[in-house]
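These notes are about the structure you will find just below.
What follows is calculated from the coordinates using simple rules that are stated; it is not laboratory data. Because the structure is predicted, anything quoted here is derived from the model rather than measured. Positions of Cβ are backbone-derived with ideal geometry, glycine not excepted, and every protein chain shown enters the neighbour counts.
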Amino acid sequence: MKLGLINSAWAQAGRETAWGIKQTKRIGFDTLDIATDPLDIDPKEKRRIIDTAADCELPVVSLCCVAVGLTDFNPSVQRFSLERVTRFLDLCYEFRARNLLLVIGEYIWQQEVIPPSLQWEFAVENVRKVGRHAKSLGLEIVIELEPFRLSLINSVETMSRFLRDVDMPKTVRANCDISHLHLVRTPIKEIPKLKGKIGHVHLSDCDGKVHGDLPPGRGATPIKRYLSAIRDTGYDGVVSIELEYSPAPERIVEWVEEAYCETDRIMQELQCRG
């Protein structure tokens, strides 16, 4: 496996993107995930990311996209969301990334007005549409499992069902966020159900009660056990550290260094970093 970092960690430092990419390389990461928006990024910033990552020999592996509108009941919102996700995929292609990390969203109005089955159908249909575009570009879409009660995908069971319904096994795959798995109390024994379906991994810690992107070792997540189970499925891709809400943004460099060292230690103990 390779050890990567989502560059949203550096946004808290108030520094330019190129600085964060250089810090990522200095600390020792193998790869980079980019958090940006194709509708907001300007051509100069896009070029800076491409050039700096190349100069640092840091391959961009994934872009992150939250697209809650894919399951909206308004067709116009779905159309906009489909176009936006398509633009994300095009940006992935420009960055020579491997996948688009896609957060589909949550059921609305407590599942009382719009039938959950209908929103599920919207999600399946629209992910198939963007999946076809991803396939044409040689990219994957990896679906995020979110730890919230009304999230469409919030368990290994719903993830497996969604991937089965979309039925694009080589293109639409699972993202395993280790702290999310812990927050929804996923038994380690359930991880093998995702064998052959995992396309990406996010890693951070939390207190086991609420969502929180902490460096490994600061919370209660059994990271080593989950990562071992993921490794045993045959997954040998990228593990990207996610750190977005540091309580001391002015010390984000130390925060990232701490996360890197502890994650590297775990991966070395599991003999899975290479």
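For the residue pairs Lys2/Lys209; Lys44/Lys170; Lys189/Lys209; Lys22/Lys224; Lys46/Lys129, the alpha carbons lie more than 23 Å apart in Lys2/Lys209; Lys44/Lys170; Lys22/Lys224; Lys46/Lys129. Cα centroid distance between segment 107-124 and segment 1-52, in Å? So the separation of the two Cα centres works out to 35 Å. A simple charge model with +1 on the Cβ of Lys and Arg, -1 on the Cβ of Asp and Glu and nothing else charged puts the dipole of the chain at about 760 debye relative to its Cα centre. Ordering His180, His211 from the fewest to the most neighbouring beta carbons within 10 Å gives His211, His180. A convex hull fitted around the alpha carbon atoms of segment 20-112 yields 107 Å³ per residue. For a paramagnetic label modelled on Arg265 (point 7 Å from Cα along Cα→Cβ), amide N atoms under 20 Å away belong, within segment 233-251, to 239-243.
Add -39500 (n - 2.57) for each DSSP H run of 4 or more in the chain, then divide by its residues: what number comes out at 222 nm, to the nearest 500 deg cm²/dmol? Result for the chain: -13000 deg cm²/dmol, rounded to the nearest 500. Sorted ascending by nearby beta carbons within 10 Å, beginning with the fewest, Leu145, Leu137 become Leu137, Leu145.
An oblate overall shape is assigned to segment 93-230, the ratio a/c of its alpha-carbon gyration tensor axes (a ≥ b ≥ c) being 1.5 or greater and a/b not exceeding b/c.
A simple spin-label model places the labels of Glu112 and Asp90 4.2 nm from each other, with each point 7 Å out along Cα-to-Cβ. DSSP beta bridges fully contained in the chain are about 5 percent antiparallel.
Taking a ≥ b ≥ c as the square roots of the Cα gyration tensor eigenvalues, the chain comes out oblate, since a/c reaches at least 1.5 and a/b does not exceed b/c. Taking other C-beta atoms within 10 Å as the exposure proxy, Thr221, Thr71 rank Thr221, Thr71 from fewest upward. Taking Cβ atoms as reference points and 12 Å as the exclusive limit, the residues near Asp213 contribute a net charge of -4, counting Lys and Arg as +1 and Asp and Glu as -1. Students often get this wrong: which residues of segment 144-180 have the backbone nitrogen under 20 Å from the point 7 angstrom along Cα-to-C-beta of Glu244? Correct set: 144-156, 159, 173-180. With the simple spin-label model, which puts each label point 7 Å out from Cα in the Cβ direction, the Thr158 to Ile27 separation comes to 3.0 nm.
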